[in-house]
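The values are calculated or read from the model by the stated rules, or taken from the named source; none is laboratory data. These numbers come from a predicted model, not from an experiment. As a convention, Cβ positions derive from the backbone with ideal geometry for all residues, glycine included, and neighbour counts pool all protein chains shown. With ligands, DNA and RNA removed, areas are computed over all heavy atoms of the protein, side chains included. Shrake-Rupley method; radii C 1.70, N 1.55, O 1.52, S 1.80 Å.
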Amino acid sequence: MKNSEKITIGQNLKKIRKELGLKQYEITGGEITRNLISIIENDKTPLYETNARIISENMNSIMEKRGSDVYIEPEDILNPERYEAKKRADRYIKFLKTKLDEKKFEIEAKELQGIELFLNHWNLNDKKVEIYELLGDIYYYSHDFDKEFIYLTKALECTFMLPNRRNDYKVLSKLISNCINTEKYKEALRLGNFGLSSQKNMPEKVKGTFHYNNALAYKNLEKFDNSIEELNIAKKYIEDINSKLFVKILVLEGICYSNKKEYD
């Protein structure tokens with residue numbers, strides 16, 4: 001933290017740009033000049049919020065095209081301490097990923113409290129999404145579905161602050177599975193329909209999975225006609241008829257017709 005207090009806003013901009021592997025001209029977006037970026041980075045002129053927003057939006061646009069989920073906010077540039085806090089968040093993310101990789105699905109109360117206090121202090125929505133999702137995964141594998149639901153819900157809430165973030169449907173998909181596992185079928189349907197109507201970047205196969213999960217929820221609610229309707233939609237999104245998902249669709253379809261006593 002002491003180092004971050006000594007760094008200037010211009011130096012911070014240069015640091016972020018270089019860590020992302022970007023050139024000065026790339027972050028202008030044609031709205032400001034490369035020369036302005038240069039004199040800001042050399043602390044010869046102040047960086048105002050309007051230009052910080054332009055720069056951050058251009059950075060995010062480039063990183064999105066590169067397939068990265070890195071998200072830079074204007075405040076990350078204007079507040080060096082905040083950017084350093086994101087680095088600390090990355091260390092928490094690495095810690096949780098290591099736990100998952102090593103199949104150590106227990107987390108001490110002291111460790112969890114430290115993470116929670118940090119996240120409550122810093123409004124880092126992009127990092128919160130990742131950390132809360134990882135915590136949800138840990139509790140899933142430790143079969144604590146109540147805590148899994150809590151942390152996945154927190155992750156989903158944070159995604160609402162990041163409308164351009166990619167792959168948010170993954171959090172939704174995990175939350176839907178949790179609802180089905182814990183017999184919250186109406187909530188699973190609400191989340192499933194929300195995802196299908198709001199996730200613009202959802203791949204075709206994932207749409208099929210969402211409709212399959214809707215069908216599963218309807219089946220458990222004994223609404224077999226609704227379930228069959230969802231399954232018919234799901235089939236349209238599955239190209240590989242030998243895939244596990246397509247087989248699951250056919251099995252569930254058979255179960256629904258059996259419950260309707262339509263044995264043929």
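Taking the residues in the stretch 218-264 that are assigned to a loop (DSSP other than H, G, I, E, B) and polar (S, T, N, Q) as candidates, determine which candidate is surrounded by the fewest Cβ atoms within 10 Å (Cβ to Cβ). So that I can check it myself, show each step before the final result.
Start the filter on the stretch 218-264 by keeping residues that are assigned to a loop (DSSP other than H, G, I, E, B), which leaves 221-223, 237-243, 260-264.
From the residues that got through so far, the ones that are polar (S, T, N, Q) too are 242-243.
Working: Asn242: 7, Ser243: 13.
Within the stretch 218-264, the match that is surrounded by the fewest Cβ atoms within 10 Å (Cβ to Cβ) is Asn242.
Would you confirm whether any residue within the stretch 66-79 is among the hydroxyl-bearing types (Ser, Thr, Tyr), open to solvent by less than 70 Å² (accessible area, probe 1.4 Å) and in a helix (DSSP H, G or I)?
The answer is no; no qualifying residue exists.
Go through (1) open to solvent by 50 Å² or more (accessible area, probe 1.4 Å); (2) in contact with an Asp or Glu (Cβ under 7 Å, 6 or more places away or on another chain); (3) β-branched (Val, Ile, Thr) for Val171 and report which single condition fails.
Every condition holds for Val171 apart from (1).
Quick check: anything in the stretch 141-155 at positive phi and either open to solvent by 60 Å² or more (accessible area, probe 1.4 Å) or assigned to a loop (DSSP other than H, G, I, E, B) (or both)? If you could, list the steps in order and put the result at the bottom.
Of all residues in the stretch 141-155, those at positive phi come to 143.
Okay, now just the ones that are also either open to solvent by 60 Å² or more (accessible area, probe 1.4 Å) or assigned to a loop (DSSP other than H, G, I, E, B) (or both), so 143.
Yes, because at least one residue in the stretch 141-155 is at positive phi and either open to solvent by 60 Å² or more (accessible area, probe 1.4 Å) or assigned to a loop (DSSP other than H, G, I, E, B) (or both).
All but one of (1) assigned to a helix (DSSP H, G or I); (2) open to solvent by 70 Å² or more (accessible area, probe 1.4 Å); (3) without any contact (Cβ under 8 Å) to a residue 12 or more places away in the chain hold for Glu187; which doesn't?
Failed condition: (2).
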